[in-house]
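The values are calculated or read from the model by the stated rules, or taken from the named source; none is laboratory data. Worth saying up front: this structure is predicted, and the values here are computed from it rather than measured. Don't worry about glycine lacking a Cβ; one is built from the backbone with ideal geometry, like all the others, and counts go over all protein chains shown. Ligands, DNA and RNA are stripped out before the accessible areas are found, and what is left, the full protein with its side chains, is counted by its heavy atoms. Shrake-Rupley method; radii C 1.70, N 1.55, O 1.52, S 1.80 Å.
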Amino acid sequence: MTIVFYDCRTAPSPRRARILLAEKGVPHEVVQVDLAAGEQLGEAFRAINPQCTVPVLKTDDGLVLTDNASIAAWLEAAYPEPPLMGRTPAEMAEVAGWHWRCEFEGLMAIAEGLRNGSPAMANRALPGPVDYPQIPELAQRGRARVERFLETLQARLDGRAFVATERFSLADVTAAVAVDFARVVRIRPDPARHPNVVRWREALAARPSMSL
């Protein structure tokens with residue numbers, strides 16, 4: 001089976017899927033989509049994904065997945081080892097819960113701050129085919145939410161090696177991508193205030209997938 005992955009090296013969303021593909025050792029071809037140049041809004045890419053977003057994963061048997069949720073679910077089912085979404089029902093629930101928190105409280109908060117505060121994203125407050133105006137107040141709220149997210153991670157990682165369960169999981173992927181991407185809103189973990197986050201992120205850096 002041939003797998004084609006539509007990526008953008010500078011964007012956080014496709015990085016999450018990129019890490020999963022690497023962790024599971026899935027062979028695939030890569031097509032880079034230049035978001036800065038607006039390539040995702042062109043007719044050629046709209047024919048692949050009308051939502052004008054990356055990542056996209058396509059297979060030669062007609063499967064087209066256009067979001068991280070479906071890509072993660074398919075990869076976990078098609079390539080179950082190593083498990084990244086839990087083995088037991090309890091582990092699956094724990095990973096799902098913490099993954100949701102890292103996405104909603106972390107990545108979405110960063111996006112809120114960036115897309116509503118960056119002059120380069122005027123009228124692009126949300127990704128996708130529709131232009132939405134910025135709301136400056138949401139930029140301020142987004143930064144406050146990111147600060148709160150780091151506090152949540154700091155508490156969660158007290159005495160723990162991973163965000164959910166006792167193994168590396170999808171929750172760690174999303175949390176790490178969020179922590180790394182928070183630099184775009186000028187927020188980074190502080191070793192004095194967030195030592196657990198710094199320790200956890202430094203440990204994850206040993207995984208080859210995290211350099212992608």
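The table below gives the values:
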quantity: Hypothetical label at Glu137: residues of segment 86-129 whose amide nitrogen lies under 17 Å (7 Å Cα-Cβ projection); calculated: 112-113, 116-117
quantity: For segment 1-68, convex hull volume per residue from C-alpha positions, Å³; calculated: 78 Å³
quantity: Value of D in µm² per second that Stokes-Einstein yields for the chain, Kirkwood Rh from Cα pairs, at 25 °C (0.890 mPa s); calculated: 137 µm²/s
quantity: Ratio of Rg to Rh over segment 69-130 (Cα coordinates, Kirkwood Rh, two decimals); calculated: 1.15
quantity: Simple spin-label estimate for Ala93 and Arg183 in nanometres, 7 Å along Cα-Cβ; calculated: 3.9 nm
quantity: Segment 1-120: C-alpha gyration tensor shape, a/c 1.5 cut-off, then a/b vs b/c; calculated: oblate
quantity: Heavy-atom accessible area ranking, 1.4 Å probe, most first, across Arg145, Arg101, Arg193, Arg186; calculated: Arg186, Arg193, Arg101, Arg145
quantity: Per-pair calculated FRET efficiency, R0 = 35 Å: Ala77 and Ala155 via Cβ, rounded to 0.05; calculated: 0.60
quantity: Label-point separation in nm, Val4 to Asp34, each point 7 Å along Cα→Cβ; calculated: 1.9 nm
quantity: Per residue, the convex hull volume that the Cα atoms of segment 36-106 enclose (Å³); calculated: 120 Å³
quantity: Amide H within-cut-off set for Val31, under 5 Å, with H built and near neighbours excluded; calculated: Phe5, Tyr6, Asp7
quantity: Global form of segment 99-212, assessed from the alpha-carbon gyration tensor, a/c cut-off 1.5; calculated: prolate
quantity: Reciprocal of mean inverse Cα separation for segment 119-158 (Kirkwood radius, Å); calculated: 11.9 Å
